[in-house]
1. For the stretch 177-194, give me each residue that is buried (at least 24 other Cβ atoms within 10 Å of the Cβ) and not small (Gly, Ala, Ser).
2. Applying the selection to the stretch 319-345, what residues are free of Cβ contacts under 8 Å to residues at least 40 places away in the same chain and not small (Gly, Ala, Ser)?
3. Can you name the condition, by its number, that residue 266 falls short on among (1) among the aliphatic types (A, V, I, L, M); (2) more than 26 Å from residue 137 (Cα to Cα); (3) surrounded by fewer than 19 Cβ atoms within 10 Å (Cβ to Cβ); (4) over 16 Å from the mean Cα position of the chain (by Cα)?
4. Among all residue pairs at least 6 apart or on different chains, which show Cβ distances below 8 Å where the first residue, located in the stretch 204-232, is of a type in the set (Asp, Glu) and the second is open to solvent by 50 Å² or more (accessible area, probe 1.4 Å)?
5. Any idea which residue in the stretch 274-332 is least open to solvent (accessible area, probe 1.4 Å), counting only those that are under 19 Å from residue 207 (Cα atoms), of a type in the set (S, T, N, Q) and over 20 Å from the mean Cα position of the chain (by Cα)?
6. Among the residues of the stretch 224-244, which ones are of a type in the set (Gly, Ala, Ser) and open to solvent by less than 10 Å² (accessible area, probe 1.4 Å)?
7. Please determine whether any residue of the stretch 202-219 is surrounded by 19 or more Cβ atoms within 10 Å (Cβ to Cβ), at pLDDT 90 or above and not basic (Lys, Arg).
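The values are calculated or read from the model by the stated rules, or taken from the named source; none is laboratory data. Quick caveat, the model's predicted, so the values are computed rather than measured. Cβ coordinates were reconstructed from backbone atoms using ideal geometry, including for glycine residues, and neighbour counts include every protein chain displayed. In case anyone asks, the SASA skips ligands and DNA or RNA and just uses the protein heavy atoms, side chains included. Shrake-Rupley method; radii C 1.70, N 1.55, O 1.52, S 1.80 Å.
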Amino acid sequence: MHFALSLPRPSRPLLSTSILSPYFSSSSSATDFDGTNIGSRWKQISYNFTRPVISLFVAFYLACTSKLHDSVVVPQKLFASVTMGEEKPFDFLRTLFEGVIAGGTAGVVVETVLYPIDTIKTRLQAARGGSKIEWKGLYSGLAGNIAGVLPASAVFVGIYEPTKQKLLEIFPEKFSAVAHLTAGAIGGAAASLIRVPTEVVKQRMQTGQFSSAPDAVRLILAKEGFKGLYAGYSSFLLRDLPFDAIQFCLYEQLRIGYKIAAKRELNDPENAVIGAVAGAITGAITTPLDVMKTRLMVQGQANQYNGLLSCAQTILREEGPAAFLKGVGPRVLWIGIGGSIFFGVLERTKLLLSQRRSKRSISESSKEE
């Protein structure tokens with residue numbers, strides 16, 4: 001995804017449902033808890049939610065960039081993920097800002113569509129022994145979580161994109177995977193400052209400890225102090241830094257290989273499939289780390305686990321090795337589908353921003369002439 005491959009992208013409608021149709025087909029036989037077809041429901045939710053969200057973020061982007069860029073910008077394609085070589089001169093601030101917009105949009109769409117699966121996964125991991133799983137309130141904590149996911153996703157992609165471009169300039173082309181891994185880890189470390197408190201509040205609400213995000217934050221601060229919002233931070237980093245690095249590296253390298261084989265730019269469904277594969281593989285590999293992270297975050301004042309090593313030893317002793325794979329099914333499903341939506345929305349939003357910026361640049365150039 002990061003070398004001199006300059007092929008035109010096809011012009012497609014704004015986030016067509018073709019991105020989601022392979023994964024949310026209404027013909028699926030799977031049904032929700034009330035008997036409603038899951039494919040039909042989630043396809044409609046994702047389609048109705050995605051269009052206004054992307055439009056809103058793009059409008060915000062255009063309003064801001066019209067003030068930031070009074071001079072004429074030479075038309076060029078977006079991000080090193082499409083091509084290198086043509087991003088000269090490298091505009092760090094523009095790349096950062098467009099990454100923030102694209103990342104925030106993709107993060108919000110994914111979190112809204114797939115939140116019930118995440119809730120089920122969290123409850124499976126938090127359950128000890130033969131505890132029963134509560135199937136109600138699968139959207140519990142969604143609003144508060146989006147308030148954290150939006151800036152966290154924006155920060156991650158906003159840091160990842162310019163870092164990736166600079167590293168690709170430093171590393172030889174054959175070591176592009178190292179650049180992707182490093183950029184993913186750096187982006188994940190920056191976003192963790194927002195992600196961890198958001199994750200703590202979300203998982204406490206998903207397990208029924210609090211009824212609202214403001215109450216959760218207030219009570220956690222009152223009972224556990226500021227460090228309560230960063231419970232399980234070490235396990236979070238241990239899980240998310242390799243997760244971000246591996247997922248984005250897999251995605252980038254798979255796209256590079258596919259583009260070379262196809263000898264053309266990829267379309268939305270292809271980006272979505274590659275994102276799903278990268279997400280599912282990474283999700284399965286990091287499930288044991290995710291189980292430990294969940295246990296540390298939801299324990300509250302119980303102090304059942306005294307750190308990451310204590311958590312691993314206790315789980316192994318009391319529940320056996322199989323406990324480290326709790327929730328692996330929902331996690332792989334959630335991250336696999338989430339990867340398809342996230343990267344599909346991300347690439348579509350980046351392309352839309354690039355096209356709008358190029359049109360504005362051409363218009364400004366023609367006026368000067």
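1. Narrowing the stretch 177-194 to residues buried (at least 24 other Cβ atoms within 10 Å of the Cβ): 179-180, 183-184, 187-188, 191.
Across the stretch 177-194, the qualifying residue is only 180.
2. Matches in the stretch 319-345: 321, 324, 325.
3. (3)
4. Pairs found: 224/301.
5. 299
6. To start, the set of residues in the stretch 224-244 that are of a type in the set (Gly, Ala, Ser) comprises 225, 228, 231-232, 234-235.
228, 235, listed by residue number.
7. Here is the first cut: in the stretch 202-219, the ones surrounded by 19 or more Cβ atoms within 10 Å (Cβ to Cβ) are 202-207, 210, 213, 216.
Now narrow it down to the ones that are at pLDDT 90 or above: none.
Checking the stretch 202-219: not a single residue is surrounded by 19 or more Cβ atoms within 10 Å (Cβ to Cβ), at pLDDT 90 or above and not basic (Lys, Arg).
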